[in-house]
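Notes follow once the structure below has been shown.
The values are calculated or read from the model by the stated rules, or taken from the named source; none is laboratory data. The shown structure was predicted, so the numbers you read here are calculated from the model rather than taken from an experiment. Cβ: placed from backbone, ideal geometry, glycine included. Neighbour counts: every protein chain shown.
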Amino acid sequence: MQSKKLFVSTFINFLFTVMASYCLFAQENRFKQKLEWEAEPYALEYKVEIKGASSSSVSKEFTTQNCYVEFSMAPGEYLYRVFAYDFLGREASCTEWENFTITKALQPKVNLKDVNVTVDGNSKRPVTIPVDVARITDESTLVFVNTETGEKIEGILNTSKAEDGSVSSSSVVFPNVSIGEWKMVVTNPSGLSTESEPVSVSPAGKKIVIGKSSVKTSEDQSQIKPPVEVVHAIEEDVPGNDQNDDKEEKIEEKEEKLEEKKEEEIAEKKEERIEEVKEKKPYVVQDINLLVGMPIGFSLYDEFFNSLSNVIKMNWYVTTKIQWLPIDINNIQIGPELSFASLPFMYDNDSLSILTNTYLYQLNAVVKINLTDKIGINAKAGAGVSTISVSSRDYVNADSFEQAKWFGYICAQCGVSFVWIPAKHFIVETGVDFTHIFMPDVQAGIFEPYLTVGVRF
């Protein structure tokens, strides 16, 4: 019994340790890091090497056609360099080793010491907010946001650094703050941010009641001002409702102007970002492949083609293929392929000549397994239509010529191929297809080894 309890206790402790380790690992690795660089003219591919700052061996290596790589690594000091390769796959340039630092992502902590701040007068002026801000860095930013208008003011953190390297702040200074209700938003370089509870900024001797639709003053608690849609600090000596209406109109006008300005800034930033992407990011191939070739066709087990092919049993023919592989899941690409092939069979002797042209129109489903960025294997299968034209010439009967007769049949195809991408816009595919033509009287099969070359878009 004792040993059973000991086993259960040990097993539970083991599970707890595994779960705690997993949580710590997930916390460390839920953020991705990103390295970006300027596009190199005529570079079609890049290779990035990363190693520890004190290490002599490369710990990570990436190959990409973009001007950036994304990865997930533990906090620390690292070095990286970028290789650029040209159209022929040759190394065009290489940067020096550059250092970068990965820091641990922290969630800021904000603790307001006072939610009510008074200032002299109603005009905009600098305001110091007593607040404890922890779990930040020297690069952290703080913004004061007006809850009514959305106006934003960047603050100045009075930071101090402890012996363990942690950074904190006991107060924040905001320039040109107007009367109203505000909140602080602290954002770390990792993107994690924290919002404070609302802070009211009011003139000396007056107090804004946060979250209510009325305003009370400390001089006359019994006097309640007329309600408004949004909380504002209204002067004691405002007589009548006309001036209140004027103030509301001015506030609405100000809000509209701020909203228009905000939309203009967003539109400008969006246009700038689009231009930056166009300049930095080169064209990305969409995996649309156009291939042409002259494969060889073998007539296998059909009486029809074999009887018409006493001259040659294998025939050169022309093929064209269009592939599109839009689905990409863990190095496996899936998409359709549309192909066309023209295959002649010739029968000729002293008295009779017969020419049979076979045209294959196929729609296949393709599954591509990418072994590397440049090498892959295709497996395909599908169905289509085969049209056959037969024309003959009788040398004995005064060279009489019979016009071509056309026949149409359903066909099925399957195949496997090897793909090589030597350059960004160039592709080579070699493999073998098998096509079965469903004829009413005989069954026809064609074995088709091929080598095709093409371009990628």
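The single residue among 133, 185 that is closer than 24 Å to residue 103 by Cα, touching a Phe, Trp or Tyr at 6+ places or on another chain (Cβ under 9 Å), of a type in the set (A, V, I, L, M) and in contact (Cβ under 8 Å) with a residue 24 or more places away in the chain turns out to be 185. For the structure I just gave you, tell me whether residue 425 is in the same structural domain as residue 363 (by TED's automatic domain parsing), of a type outside the set (Asp, Glu), within 30 Å of residue 86 (Cβ to Cβ) and in contact with a strand residue (DSSP E or B) (Cβ under 9 Å, 6 or more places away or on another chain). Criteria met by residue 425.
Out of the residues in region 153-165 meeting the condition of being outside any loop (DSSP other than H, G, I, E, B) and modelled with pLDDT of 85 or more, tell me which one is farthest from residue 202 (Cα to Cα). Here the residue is 154. What's the number of the condition residue 118 fails, among (1) in contact (Cβ under 8 Å) with a residue 40 or more places away in the chain; (2) within 39 Å of the chain's Cα centre (by Cα)? Against the list (1) in contact (Cβ under 8 Å) with a residue 40 or more places away in the chain; (2) within 39 Å of the chain's Cα centre (by Cα), residue 118 comes up short only on (2). Restricted to region 119-152, and to residues there that are surrounded by 13 or more Cβ atoms within 10 Å (Cβ to Cβ) and modelled with pLDDT under 80, the residue that is farthest from residue 254 (Cα to Cα) is 119.
When residue 370 is tested against (1) within 30 Å of residue 61 (Cβ to Cβ); (2) polar (S, T, N, Q); (3) in contact with a Phe, Trp or Tyr (Cβ under 9 Å, 6 or more places away or on another chain), only condition (3) is not met. The set of residues in region 102-115 being loosely packed, with under 12 Cβ neighbours inside 10 Å and part of a strand (DSSP E or B) consists of 111 alone.
Criterion applied to 45, 61 was being closer than 25 Å to residue 420 by Cα and touching a Phe, Trp or Tyr at 6+ places or on another chain (Cβ under 7 Å), and the one residue passing it is 45.
Quick grid of which residues meet (1) at pLDDT below 85; (2) crowded, with 18+ Cβ neighbours inside 10 Å; (3) farther than 10 Å from residue 144 by Cα:
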site: 167; (1), (2), (3): yes, yes, yes
site: 176; (1), (2), (3): yes, no, yes
site: 182; (1), (2), (3): no, yes, no
site: 187; (1), (2), (3): no, no, yes
site: 197; (1), (2), (3): no, no, yes
site: 205; (1), (2), (3): yes, no, yes
site: 208; (1), (2), (3): yes, yes, yes
site: 212; (1), (2), (3): yes, no, yes
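Within region 26-40, is even one residue over 28 Å from residue 137 (Cα atoms), surrounded by 12 or more Cβ atoms within 10 Å (Cβ to Cβ) and not assigned by TED's automatic domain parsing to the domain that holds residue 133? Within region 26-40, one or more residues are over 28 Å from residue 137 (Cα atoms), surrounded by 12 or more Cβ atoms within 10 Å (Cβ to Cβ) and not assigned by TED's automatic domain parsing to the domain that holds residue 133.
Where strands (runs of 3 or more DSSP E) sit wholly within region 46-101, those with at least 2 residues that are more than 11 Å from residue 35 (Cβ to Cβ) occupy 60-64, 76-85, 91-94.
Considering only residues in region 299-318 that are assigned to a strand (DSSP E or B) and more than 21 Å from residue 407 (Cβ to Cβ), the one that is modelled with the highest pLDDT turns out to be 316.
No other residue among 98, 91 is free of Cβ contacts under 8 Å to residues at least 12 places away in the same chain and closer than 30 Å to residue 72 by Cα apart from 91. A single member of 70, 49, 61 is under 28 Å from residue 424 (Cα atoms), surrounded by 16 or more Cβ atoms within 10 Å (Cβ to Cβ) and within 23 Å of the chain's Cα centre (by Cα), and it is 49.
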